[in-house]
1. State all residues of the range B:417-451 that are assigned to a loop (DSSP other than H, G, I, E, B) and either facing chain C (nearest Cβ under 8 Å) or touching a residue at least 24 places away in the same chain (Cβ under 8 Å) (or both); if no residue qualifies, say none.
2. Under 7 Å by Cβ, and 6 or more places apart or on different chains, what pairs join a residue from the range B:318-344 that is part of a helix (DSSP H, G or I) with one that is at pLDDT 80 or above and among the aliphatic types (A, V, I, L, M)?
3. Can you find a residue in the range B:36-44 that is crowded, with 19+ Cβ neighbours inside 10 Å, more than 12 Å from chain C (Cβ to nearest Cβ), among the aromatic types (Phe, Trp, Tyr) and not in a helix (DSSP H, G or I)?
4. Going through A:374, A:300 one at a time, which residue ends up being polar (S, T, N, Q), without any contact (Cβ under 8 Å) to a residue 40 or more places away in the chain and surrounded by fewer than 20 Cβ atoms within 10 Å (Cβ to Cβ)?
5. For a quick check of your reading: which helices (runs of 4 or more DSSP H) sit entirely within the range A:233-333 and have at least 2 residues that are more than 12 Å from chain C (Cβ to nearest Cβ) and closer than 30 Å to residue A:433 by Cα?
6. Under 21 Å from residue B:64 (Cβ atoms), within 14 Å of chain C (Cβ to nearest Cβ) and surrounded by 15 or more Cβ atoms within 10 Å (Cβ to Cβ): which single residue out of B:23, B:17 fits that description?
7. Could you say whether any residue in the range C:113-128 is of a type in the set (A, V, I, L, M, F, W, C), outside any loop (DSSP other than H, G, I, E, B), out of contact with any strand residue (DSSP E or B) (no Cβ under 7 Å at 6 or more places or on another chain) and within 14 Å of chain A (Cβ to nearest Cβ)?
8. For the structure I just gave you, tell me whether residue C:145 is within 11 Å of chain B (Cβ to nearest Cβ), at pLDDT 75 or above and assigned to a helix (DSSP H, G or I).
Amino acid sequence: MFTRKSFGLMLTYLLLLSMFVLGCQSNQSQPAPSQDQAQGAQGTAAEPAAKTVSELKIGLPSDAGPINIYTGNIDYLTELVFDKLFSPSPYVDKPEPWLAESAKQLDDVTWVVKIRDGVKWHDGTPFTAEDVKFTYEYYRDGPANRHTHHVSEVPHIEKIELDDPSTVRFTCAYACPSLERITFADLPILPKHIWEKVENPRKFTDLPVGTGPYKLVEYKADQYYKFEANKDYFKGTPLVDTLVMPVIKDPTAIFNALRSGEIDISARPLPPELEASFTNAPNMKVAETSPLSIIELKLNYDKAPFNTPEFRNAMSLAVDRQTILDTVMLGKGRAGLKGYPHPDSPWTNPNLSTPYDAEKAKSVMDGLKFVDANNDGVREMPDGKPLAFSLKVPSTEPSWIRAAEMLKDQYAKVGVKVTVEVLDSGTMATVGQTRDFDLVISNIGAHGVADPDQFVMSHRSSYLWNKTIPYPEMDALQKQWMAETSIDKRKEIGFAMQELFNKQPTSVALFYPEEKFAYRSDRYDQWVESKGYGVINKYSLLPDGAKKAKAEQ
Amino acid sequence: MISKGAKWIGWTGVLMLVIVFLLALIGPYVVRHDAEKQTGMPFQPPGAEHWLGTNDMGQDIMAELVVGARTSLTIGIAAALLATLIGTAIGLVSGYSGGWVDSLLMRIVDICLTLPFLPLMIVIGVYMGPSLITQVMVITLVMWAGKARKIRAQTLSLRSRGAVLAAQSMGAGHFYILWKHIFPSMLPLVIPQFVQAVNVSIMMESSLSFLGMGDPLSKSWGSMLFYANSRSAFLTEAWMWWVIPPGLCIVITVLAFSFIGYCLEERVNPRLRAYQAASLKGAKSAVKAALPGTSTADLLAVESLFVRYPKENSTMTAVDDVSFVIKKGEVLGLVGESGSGKSTVAAAVMQLLKPPAMVEQMGIHFADRDLSRLSPVEMRQIRGNRIALIPQAAMNALNPVMSVREQLAEAILSHRKAGKQEIQERIDQVLMQVGLTPRWGAAFPHELSGGMRQRAVIAMALINEPELVIADEPTTGLDVKVQVEIIKLLKDLQQRLNLSMIFISHDLPVVLSLADRVVIMNQGKIVDQGQTLTVAHHSTHPYTRRLIDSIPRIRTARPLQEQR
Amino acid sequence: MDGSWFSSTFGKKLIQYVLVLAVALSINFALPRLAPGDPLEFFFGESTINELTPEQRQRALHELGLDRSVWEQYADFMTGVFHFDLGSSIKYGKPVTEVLADRLPWTVLLVAPSLIISAVIGIVIGAYAAWNRGKRRDLFFLSAMLTVESIPGFWIGMLLIAIFSVNLGWLPSFGAVPLAFTGGTAEYVGEIITHMILPVITITLSTVGGNFLLTRSSMLETLGQDYVYMAESKGASKRSLIFNHALRNALLPVYTHITMSLGILVSGAVVVESVFSYPGIGRLLYESVIARDYPMMQGVFLIITLGVIAANLLADVTYPLFDPRSRSRAWSREVSSSKQIGEETA
């Protein structure tokens, strides 16, 4: 009798279980893609008659605060609210005037900028040259943010004056040929009438007032942003009336939401493993971009033996970047064989090369007398200390952890012992500052790897080098660079610096990722890439966006 | 005795656990691939080479799964062991010592219970580096306090038990008492705690790993899910071989421990064993053909009563062919050693036996009705109304959360409608009859002494003026002085109210002093019966003689001479 | 219950809890600062933080008030707590109390119904299974509940999302309210409820097993007690046996368990809140830990600590209402002095 009972119980159980499994299974059964929907989604900017949309929902993978550039910064969001003198960015060959009407270089250290007339701040106050002067002085003298060194150090703008109510004159401390192409195209202009009253910009949480195409009308930290179109925008009325941007941090959740139609585009790039399922989905397209960012392996130049240039070279030679890319990125993107900075930047030397050559790495180390004297598989330095390093990675980036595991194996092959250490991102952030590391994997964005002034700056600020540590060859090049008045010649000196850097790198480019953004094409189909900003940027939302994004007008 | 259901659950648990352990122990030798090596292309679906496909790094998922079993089990068992050990030690010390030590330790426990474990994980993780040991530490830190609190509560209740108090009064050392008296009785409670802790730690490990706060470098089921989730396995087909297997492994392992824990708890926790489901029909009862010719003068006639309990493969006969009668106004003494089946007889008469007991009788005739043939509703109307029971262990026979008066009122209201006034008057009356001033009615049981509680129980039995009272060892657990008082009271009441009574006891002198007739039981059988004096003085039955001879001289003589 | 009893017992408890609170707060202050890292990354973004020069970094710390000595910060924090001033969140730029007030209702909205549903289901089925112990339904409910309890919460959540929002499209998968909602109040409430359903189911499922098991075993224990036997022998109805005698006593430990879990659930919803991107306290804690937002972390800790202590206090204070054994000290003193009288009337 009991067996019958237990049998019945088992049956009920199995039934429940199978229902559960089936319930999940049906999740998989997507309709088969029809042919016309399946054909990819690149080249979206075929410029049809601009279609306006009343509301778009954009899923954000992280929160950047109330778009106060002193308390958090995501460039593409800042760009929606604020404008710069020139646009779109320092990463194109020739930025076009935006808040400026024109810019003219008077001599090696002097520029005058004519300000556009008739532009208004979101609160109705007219935009004037005073705002420009205020902003640049504030950046130069006030608290630091990601933009300020473009005024305070490289280059250093000494004087900012108004020639007349619509003309600003900039005078630099040393030659500044790049002002128009870089500084003017990078720094958002703040409203003087608001910011002069701000006591502590780090604690300023009012909604921002800018001149940009969108006004931020609502912000709930960690929950969402809501933007309304600035109908009087001087570059044309934006095509979408309202932008709602929920913050969805969990990667699965954000793509779930995209699939279920709760959002129209995800600002989190589509991971390679999901590409197929989205390109094949109905009403869905995938926009491909080539972001100006590098996943890099940083070597702590402060510490022995990384202060030995040849050893840094060996460390670079030992990395099989292609295999790493093939594994963790499924081959999407490009292996870091062209070094640092990003090869797509107009400011990067096209002849850079950082090949994989384990044999050469070994011979370089042999040459340094870094040999495995005690036959334990790990080389020792002449003082007997083994070449054993820790490699720190943030726990939030599983693909980097995988890359780290691969690096460990690759270094083991040349006799260097690497121990992977996974840290939470809060801890990771200070690691770079306190410089308490041997090796670390991080991501550096457009501002770091596509802006030539930043490359110099990074050698001063401690990111790639510290200005207090002597580096004779680099220092000489830097001196030459600063004295150079022609932007083209500067570029050449920059190339030489890059060449030197990659011969003994303090940062090894692992790969140049590619980013794809999945979106609902039935909701909005005019996404265009602006170099360094992805497809979610103001140009995608403006008439003639494609041209503006590339500065082709 | 442990129910078949519990056994079934327990064995299912053991089976599942064996599977998981096999997976952990021999799995790595069976699966061809090394979990740490890239043995294929990333994101491969299952195939002949990789049974469960490959992960985002091209590692074999099946291999990860078996290595993960080791990690998850190790973390689970290690953390549970530590937490249970610490918790038990602190709980024992705290509960046993009391006073400021107890206060201090419990406040530390309180503090630990308020600590948020997420930042704790980060802080400890940073100092110790994310590793298995770190996870074990954190999980232990989160769990021990709860365990300590539970164990302390148990220790508190054990501390006041007889054996402990006795040992204390004999001057035994604290450590000795803890080790010899408290710890052994605690062990049955500690083991389920441990098993439960294994569950919690396995779950916690997977949650921590899922949040990315575990050790992503070690292969555990939790970290597999972390990678699966962060590499969007839920959104592609991969969830079937990447998300379901580790999740299922967690569920099976946790479930195995739950099942075993449940079974252990059933086995070792005596308090849980007391109750078996009351089938609405009561115990299985079979009526043999009734013999005619019961005398109408008999109030109760029990004919050929058998009670059996299933035992392993056979049955144990607790009551074996017992028959007796009681006349109106008569007191029948039912005597026997403990385990002789006396109380079972009482319960059988009241129709209160529960499965698995199997009852057979030719009839239990009470005032011309066969109780064994009554419906549950009819029987309920008789219980407490016409036949009342004064149960053993009066100390616990009162519901602790109801006042005496409420419980007395319930006894009345279970049988008839009555006005408030009437009820209160009857309660006062019956309380006075048993020697309690009516104001005690408002008290809760714990506020009464043992003797007073027994009086309240007697009051409850008498409140509906029953025709028959069954007093089942009514003086158990009372001190001698009170025993004498209660016996006196019962005798007094019996005479005043002319009650018919079955008086069940192992105490022959007491029975002899009370009963008109005695029935002597041994091992479920009636071995002797007759008029009290006859049995006391003339019985030739060896068992009866042995019982009577064992009574100290002074005591045998006196009651018989004085009373009769 | 006379005043002196109340003031002595309650007062003593209160002092103990204040002490616990003080120590817990100090630990909560120390904990985040023991962890390495600081809030600066949040301000500059991952790619910029490393470009700061040491001077700029120092200056930013000064602007945030983080360059003062730990003792100064500690004194500030402790005095602040007593003025209900918890400082200003670094990340959100708002007073901590404001952020908490913003988030707490959501967590309560999630936790309270889950707790109630899970308690009711757990108690009802638990009592039912206990009453039917050993039968097929008992076995069924027992194994079902143990199974439900064995499924990790995040896993339930993810599967629910996969089924009900991605595949069926019935329910939203994230957040607490529709974004930028324009409809009327009734629709708004409706939306809040649809957003609650999946997380509430998840929390309910992951807590119901505990309530079930506790009720069941507690009920089994009371069902086997002598007073239930006594009640049965006095002819009490089945209803009264179950409810007045067995369940009423069985619920005492269940009540304590549920009250205490009130406090813990506030912090325990971290996993569910992150799976559903729900803007509650749990997620706030996670976010603040990641951002090293010290004042915010302290605020959340404070809420959690207060929650746990309040739940304990609630359990302590309300328990006597249900269990007379723990209430009447005054009465039993009186009783013991007059015990003799009672006995003498015999």
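The values are calculated or read from the model by the stated rules, or taken from the named source; none is laboratory data. Here the structure is a predicted model, which is why all the values come from computation and not from measurement. FYI the Cβ positions are ideal-geometry reconstructions off the backbone, even for glycines, and counts take in every protein chain you see.
1. Correct list: B:434, B:435, B:436, B:437, B:443, B:444, B:448, B:449.
2. B:342/B:334; B:342/B:504; B:342/B:521; B:343/B:504; B:344/B:307; B:344/B:318; B:344/B:319
3. yes
4. Values: A:300 fails: without any contact (Cβ under 8 Å) to a residue 40 or more places away in the chain.
Every option except A:374 fails the conditions.
5. Here the list reads A:309-317, A:321-328.
6. Result of the check over B:23, B:17: B:17.
7. no
8. Answer is yes for this residue.
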